[in-house]
């Protein structure tokens, strides 16, 4: 009985711990770096989806969101390009973190693009379900509707990152 109660009380710590991949301070720059796990926003084996994964990271007080996926027209993301995170109540525009190539870490026709996000927008993402993601590039506009099963995933990693940042 006591073990069950202890496990129940520690559940939030265990769950947040699994959502955070990295939480470290750089020995040289003394910057704190936190990285969340990559979460699905569509079924894992959905080859039709242009945008498939999202992850969050922070370096000190700068927060970033990485949008990953696959598309034959992945295109180059310019420093002036944006992505839209459409929630049940808001549309959050995130700014490209700079010029980024069209190829992601997995293979050709994939992308991993990094965008800056404000803390107040991250707070919104921790409280609202993600409905869709729209990514602009030099070649295309890619939009993915987030399946209901995955709509709370970004809420969870947003809350975990905010907790680790504090």
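For the reader, a short list of remarks on this structure follows.
- Residue under evaluation residue 126, criteria (1) assigned to a loop (DSSP other than H, G, I, E, B); (2) out of contact with any strand residue (DSSP E or B) (no Cβ under 8 Å at 6 or more places or on another chain), criterion not met: (1)
- Top-ranked residue of region 15-42 - restricted to ones that are under 22 Å from residue 151 (Cα atoms) and over 16 Å from the mean Cα position of the chain (by Cα), ranked as modelled with the lowest pLDDT: 15
- Filter result for residue 122 (at pLDDT 90 or above and within 17 Å of residue 159 (Cα to Cα)): yes
- Given (1) under 21 Å from residue 161 (Cα atoms); (2) touching a residue at least 40 places away in the same chain (Cβ under 8 Å); (3) over 13 Å from the mean Cα position of the chain (by Cα); (4) crowded, with 20+ Cβ neighbours inside 10 Å, number of the condition residue 62 does not satisfy: (4)
- Selected residue [over 19 Å from residue 42 (Cβ atoms) and without any contact (Cβ under 8 Å) to a residue 12 or more places away in the chain] from 80, 91: 91
- Test: residue in region 102-118 that is touching a helix residue (DSSP H, G or I) at 6+ places or on another chain (Cβ under 9 Å), outside any strand (DSSP E or B) and crowded, with 16+ Cβ neighbours inside 10 Å: no
- Residues that are outside any loop (DSSP other than H, G, I, E, B) and in contact with a helix residue (DSSP H, G or I) (Cβ under 7 Å, 6 or more places away or on another chain) within region 76-95 comprise 85, 87, 92, listed in sequence order.
- Some residue of region 144-154 being closer than 18 Å to residue 34 by Cβ and either at pLDDT 95 or above or touching a strand residue (DSSP E or B) at 6+ places or on another chain (Cβ under 8 Å) (or both): yes
The values are calculated or read from the model by the stated rules, or taken from the named source; none is laboratory data. Because the structure is a prediction, the values reported are computed rather than measured. Positions of Cβ are backbone-derived with ideal geometry, glycine not excepted, and every protein chain shown enters the neighbour counts.
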